[in-house]
Amino acid sequence: MQAWVIGNWKQNPATSHDVKALLDDLLTAVSSKEQSDIAACQLMVAPSFIHLTAVNERLKGSSVLCAAQDISAHSASTGAYTGDCSAQQIADAGATWTILGHSERRQYHQESHDCLLQKMTHALTQNLGVIFCIGETQAQYDAKQTLAVIDAQLAVIKDLLTQQPELIEGLPARLIIAYEPVWAIGTGKVPTVAEVSATHQHIKQTLASFNAALDNMTVLYGGSVNADNADSFAADSMIDGALVGGASLKAESFLAIAQAFSRAMA
Ligand code: PEP
């Protein structure tokens, strides 16, 4: 089993010059680490659309993978959808994965169940892996609705398999769930490791109930993970890695998180 540490760069860095500098730092740090330091951790970064091609070019020959942060819901390939970028275009730019359903997309773009079902179908039919983000808001957490919210969000996968059962082929290797409590994203607030662990166990059991092939799926935690708290999340066997926002914008903190998860796998 390997851990996954994925950097969601969001709308950062501001310029291609700064993207190149971040990548240079990252690749220098990766190559200077003892092989064993991060050997059990798969690294991935998710830049903005505009930087995808350049990032992929720069990552060629390295072990770091590249993801998009989103894809079009309207078409898997081409069409009159101003401002959208399709799964086929993302794959052509060299990315092999895409994040879907990030809480910022759900909040600012009103992404619904049906929209995410479309996006997931398009991603998988274009052979993109999917990092599917789920998680409850502060109000839902306070009302102890976390598991109910997660069940409703995971129903996208259930419906996908009902509508297109053939997509189960290869799905275990092409689907990662990122549990990200909305109230923990970018706030410095984190749930306890025990809370995350119990929620991850519930997610894994729910996925396995959809299809036996989805037994023991990879579930990452996301929300204010940093170099200081990564060890505590990494120590829990239910937490298979991290989706990292702020701390992924510095090679040093991103690699420190990867080291924590790699160590925990040993
Ligand atoms: C995220 O946006 O996916 C995220 C986890 O952000 P941060 O690490 O900054 O909380």
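Structure data summary
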item	result
Expected 222 nm ellipticity per residue - DSSP helices of 4 or more, -39500 (n - 2.57), all of the chain, to 500	-13000 deg cm²/dmol
The chain: most fluctuating residue of Q145, Q42, Q118 per GNM, C-alpha cutoff 10 Å	Q145
Mean-position separation - Cα centroids, segment 172-215 and segment 93-119, in angstrom	17
R0 of 22 Å, Cβ-Cβ distance A235-N56: FRET efficiency to nearest 0.05	0.10
Among 63-69, 175-181, 233-239, the order from most to least packed when residues are scored by Cβ within 10 Å on average	175-181, 63-69, 233-239
Sulfur and carbon atoms: percent of accessible area, segment 204-266 [1.4 Å]	47
Segment A143-R174, extension gain: residue separation times 0.36 nm, minus the distance between their alpha carbons	7.9 nm
Sequence ranges 110-116, 94-100, 182-188, 255-261, ranked by mean other-Cβ count within 10 angstrom, highest first	255-261, 94-100, 182-188, 110-116
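The values are calculated or read from the model by the stated rules, or taken from the named source; none is laboratory data. Treat the numbers as computed from the prediction; the structure is a model and nothing was measured. Positions of Cβ are generated from backbone atoms using ideal geometry, with glycine treated the same way; all protein chains shown enter the neighbour counts. These area figures cover heavy atoms from the full protein model, side chains too; ligands, DNA and RNA do not enter into them. Shrake-Rupley method; radii C 1.70, N 1.55, O 1.52, S 1.80 Å.
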